[in-house]
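Colleague: One structure is given below, represented as structure tokens, and several questions about it will come after.
Any read-out appearing in this document is the output of simple, stated calculations on the displayed coordinates, not a laboratory observation. Keep in mind that this is a model prediction, so the values were computed, not measured. Because the Cβ atoms are built from the backbone with ideal geometry, glycine has one as well, and the counts that use them run over all protein chains shown.
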Amino acid sequence: MRFLFLCFAGFFLLNTTANAQSDYILSGASITGFGGHGGPVFEIGSVAGENMFFFGGRGGGTIHFSSGNSFMIGGGGYGSVTSISRQAENGENLYLNMSYGGLELEYTLKYRRAFHLAIRSNLGGGSATESLQSSGSDVVEDTNFFIIKPQAYLNMNLTPTVRLQLGAGYRWVTGSNLSAYSDTDLSGFAATIGVKFGFWP
């Protein structure tokens, strides 16, 4: 997963360098229109050295510039669909589940191209619970936390209103207070796949 993240980061840096003369955010670009999109997201992320699967959705409004780039501001929310288990001192199995959400910002390069890149940042909060059931019921311990998740994406224009996203990033968690898991355990690299339905002028 770390290799996938590094590949996306390298690809993004090469593309940005190649278009450095025409991809300014504030200089030489005017607003040409507004749009919006939203859709489901599936994520696999590292939690405490194991893989945890998440499912959620996100969306927002977009501002489009004459440079061919766009900026989105919106929100999203995600929850784990699998759990991580450990055995407590009394012999019981405890199951860790997580959820998070908040503000989402995304800057997209050359969004009209069939394949194009984007950078996104999630800023918000979440919660983690340890429960006697893998479904998250019978909670034994819970905590809230703050999360920042920067990501890089490869977008593919499937139709005028549908786009596929493949991404990689890092989930940084701070402020949690579980007895068996630290902020570092709840943080980790993540890979995502999502579908966006919307309007791009």
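Colleague: Per DSSP H run of n ≥ 4, the term is -39500 (n - 2.57); total these for the chain, divide by its residue number, and report the mean residue ellipticity at 222 nm rounded to 500 deg cm²/dmol.
Modeller: -3000 deg cm²/dmol
Colleague: Now, a different point. Apply 1/(1 + (r/R0)^6) to the Cβ-Cβ distance of Ile193 and Phe71, taking R0 = 35 Å, and write down the FRET efficiency to the nearest 0.05.
Modeller: The pair Ile193/Phe71 has a calculated efficiency of 0.95.
Colleague: Also, quick follow-up: Take the Cα coordinates of the stretch 101-201, assign each an equal point scatterer, and use the Debye formula without solvent to give log10 I(q)/I(0) at q = 0.20, 0.21 Å⁻¹.
Modeller: Reported log10 I(q)/I(0), two decimals: -0.98, -1.03.
Colleague: For the chain, take the longest principal axis of its alpha carbons; what is the angle in degrees between that and the long axis of helix 2-18, to the nearest 10 within 0 to 90?
Modeller: 20
Colleague: A further question on this structure: Residue separation times 0.36 nm, minus the C-alpha to C-alpha distance between Gln87 and Arg113: what's the value?
Modeller: Values: separation 26, 0.36 × 26 = 9.36 nm, distance 5.03 nm.
Between Gln87 and Arg113, full extension yields an extra 4.3 nm.
Colleague: Turning to a different aspect of this structure: From the phi of every residue in the stretch 112-125, what ³J(HN,Hα) in whole Hz does the Karplus formula 6.51 cos²θ - 1.76 cosθ + 1.60 yield, where θ is phi - 60° and glycine or proline is x?
Modeller: Once rounded to whole Hz, the list reads 7, 5, 4, 10, 8, 10, 8, 10, 9, 9, 9, 10, x, x.
Colleague: Which ³J(HN,Hα) values, rounded to whole Hz and listed in residue order, are derived for the stretch 144-158 from phi using the Karplus coefficients 6.51, -1.76 and 1.60 in 6.51 cos²θ - 1.76 cosθ + 1.60 with θ = phi - 60°, glycine and proline given as x?
Modeller: 9, 7, 9, 9, 10, 9, x, 9, 10, 10, 9, 9, 10, 7, 7
Colleague: For Pro40, what is the net charge nearby, where nearby means another residue's Cβ is under 11 Å from its Cβ and Lys, Arg count +1, Asp, Glu -1?
Modeller: +1
Colleague: Note down, for the chain, the three equivalent ellipsoid semi-axes (square root of 5 times each alpha carbon gyration tensor eigenvalue), biggest first, whole angstrom.
Modeller: Taking √(5λ) for each eigenvalue gives 36, 16, 14 Å, largest first.
Colleague: Also, quick follow-up: For the residue pair Asn144 and Asn51, what label-to-label distance in nm results when each label sits 7 Å from Cα along the Cα-to-beta-carbon direction?
Modeller: The answer from the label model is 3.3 nm.
Colleague: By count of other Cβ within 10 Å, fewest leading, how are Leu186, Leu105 ordered?
Modeller: Numbers: Leu186 27, Leu105 15.
Result, fewest neighbours first: Leu105, Leu186.
Colleague: Here's another thing I want to ask about it. Please give me the summed charge of the neighbours of Thr192: other residues whose Cβ is under 11 Å from its Cβ, Lys and Arg +1, Asp and Glu -1.
Modeller: Values: positive: Arg58, Arg120, Lys149, Arg171; negative: Glu43.
Once positives and negatives cancel, what remains is +3.
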